[in-house]
Amino acid sequence: MPKRVEINIKVPSQTRYLAMIGQIGESLAFSLNNYQGNRRELAYHINLCLTEGLTNAICHGNNSDPDKDVHITISASDDDLVIRIYDQGPGFDISARGKTNAQPCDEGGRGINIILKLMDNVKYLQENGVNVLEMTKALQ
Amino acid sequence: MQIKINEKEETVIITVEEERMDAHNSGNLKERMLQLFDEGKCQLVIDLTAVRFIDSSGLGALVSGFKNASARDGSLKLCCLQPQVRSMFELTRLHRVFEIFTTLEEALEGQS
């Protein structure tokens with residue numbers, strides 16, 4: 001594998017693309033030559049965090065407007081894997097969301113907490129007028 | 001979402017015939033369960049043998065079914081979870097909410 005793999009994807013804000021992009025994340029996890037951990041688990045977690053982040057960007061950020069794009073970048077090296085998901089919505093306070101655990105019988109509200117549990121570093125920033133969810137997984 | 005519905009006495013067995021349950025298809029399962037509740041069918045077993053991947057939206061659809069079944073004095077039980085799917089219930093602590101069975105037969109026995 002070269003020093004760093006960069007994947008750049010842009011799709012309309014439609015949930016029909018979730019499976020395809022999750023699968024790309026899984027395939028990338030299986031292609032990491034020097035990863036010593038449980039590869040199957042890593043692949044599942046990358047698929048899951050991509051799916052949760054994208055669902056958030058499509059449904060809440062872009063309000064499922066297919067005229068708005070969601071932009072995703074995935075960057076992987078021997079040290080870490082970084083996923084960035086850009087949306088054009090009003091944004092939200094990730095630290096406040098992360099503090100609120102879904103009650104056992106809540107139907108929603110688990111997505112961000114799942115990301116926070118599985119990734120090593122999670123930020124939600126504003127960059128040039130768009131929101132960016134940045135999720136980093138350490139691979140060493 | 002592709003699902004198959006079979007009835008065994010008062011129990012409705014919903015077999016999910018998809019590898020993925022996510023925000024794209026979980027709404028269909030939720031709607032189908034609501035139709036069953038409207039028909040007075042509230043003893044459900046969901047067979048997840050085929051499901052390899054579930055996200056928070058998939059879990060949310062199952063929670064919706066569980067709440068609606070419970071509100072009607074019925075039940076919603078799960079069976080045949082693949083290890084990664086099972087791990088999602090543990091990660092979100094939903095394994096404490098649902099009755100989860102290894103096989104369909106055990107789920108059906110637990111129903112009576």
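The values are calculated or read from the model by the stated rules, or taken from the named source; none is laboratory data. Keep in mind it's a predicted model, so treat the numbers as computed, not measured. Cβ coordinates were reconstructed from backbone atoms using ideal geometry, including for glycine residues, and neighbour counts include every protein chain displayed.
General remarks:
- Residue in region A:66-89 that is in a helix (DSSP H, G or I) and within 14 Å of another protein chain (Cβ to nearest Cβ) present: no
- Taking region B:32-71 as the range and being among the hydroxyl-bearing types (S, T, Y) and farther than 18 Å from A:N47 by Cα as the test, the residues that pass are B:T49, B:S64, B:S70.
- Within region B:93-108, the set of residues being within 14 Å of another protein chain (Cβ to nearest Cβ) and among the aromatic types (F, W, Y) comprises B:F98 only.
- With respect to being closer than 23 Å to A:L48 by Cα, among the aliphatic types (A, V, I, L, M), touching a strand residue (DSSP E or B) at 6+ places or on another chain (Cβ under 7 Å) and buried (at least 22 other Cβ atoms within 10 Å of the Cβ), B:I100 falls outside the description.
- Residue, farthest from A:D79 (Cα to Cα), within region A:14-56, restricted to residues that are of a type in the set (S, T, N, Q) and at the interface with another protein chain (Cβ under 8 Å from one of its Cβ atoms): A:T15
- Candidates B:V63, B:V45, B:V51, filtered to the one that is out of contact with any strand residue (DSSP E or B) (no Cβ under 6 Å at 6 or more places or on another chain) and of a type in the set (A, V, I, L, M): B:V63
- Residue match in region A:85-103 (condition: of a type outside the set (V, I, T), at pLDDT 90 or above and within 17 Å of A:M20 (Cα to Cα)): no
- Taking region A:1-57 as the range and being outside any loop (DSSP other than H, G, I, E, B) and of a type in the set (G, A, S) as the test, the residues that pass are A:A19, A:G22, A:G25, A:S27, A:A29, A:A43, A:G53, A:A57.
- Selection over region B:55-95 of residues that are among the aliphatic types (A, V, I, L, M), crowded, with 20+ Cβ neighbours inside 10 Å and more than 22 Å from A:I112 (Cβ to Cβ) gives a count of 4.
- Any chance A:N8 is surrounded by 23 or more Cβ atoms within 10 Å (Cβ to Cβ), of a type outside the set (F, W, Y) and touching a strand residue (DSSP E or B) at 6+ places or on another chain (Cβ under 9 Å): no
- Among residues of region B:1-43 being polar (S, T, N, Q) and surrounded by 17 or more Cβ atoms within 10 Å (Cβ to Cβ), the one that is farthest from A:N56 (Cα to Cα) is B:T11.
- B:T49 being more than 27 Å from A:I115 (Cα to Cα) and touching a residue at least 12 places away in the same chain (Cβ under 8 Å): no
- In region B:44-53, the residues that are more than 9 Å from chain A (Cβ to nearest Cβ) and surrounded by 20 or more Cβ atoms within 10 Å (Cβ to Cβ): B:L44, B:V45, B:I46, B:D47, B:L48, B:V51
- Residue pairs whose Cβ atoms lie under 6 Å apart, separated by 6 or more positions or on different chains, with the first residue in region B:66-88 and facing chain A (nearest Cβ under 9 Å) and the second part of a loop (DSSP other than H, G, I, E, B), are B:K67/A:C105.
- Region A:1-13, residues that are away from chain B (no Cβ under 14 Å) and either under 16 Å from the mean Cα position of the chain (by Cα) or polar (S, T, N, Q) (or both): A:E6, A:I7, A:N8, A:I9, A:K10
- Some residue of region A:51-60 being within 24 Å of B:H24 (Cα to Cα) and modelled with pLDDT under 90: yes
- Within region A:90-140, being of a type in the set (A, V, I, L, M, F, W, C), buried (at least 18 other Cβ atoms within 10 Å of the Cβ), part of a strand (DSSP E or B) and without any contact (Cβ under 8 Å) to a residue 60 or more places away in the chain holds for A:V122, A:V132.
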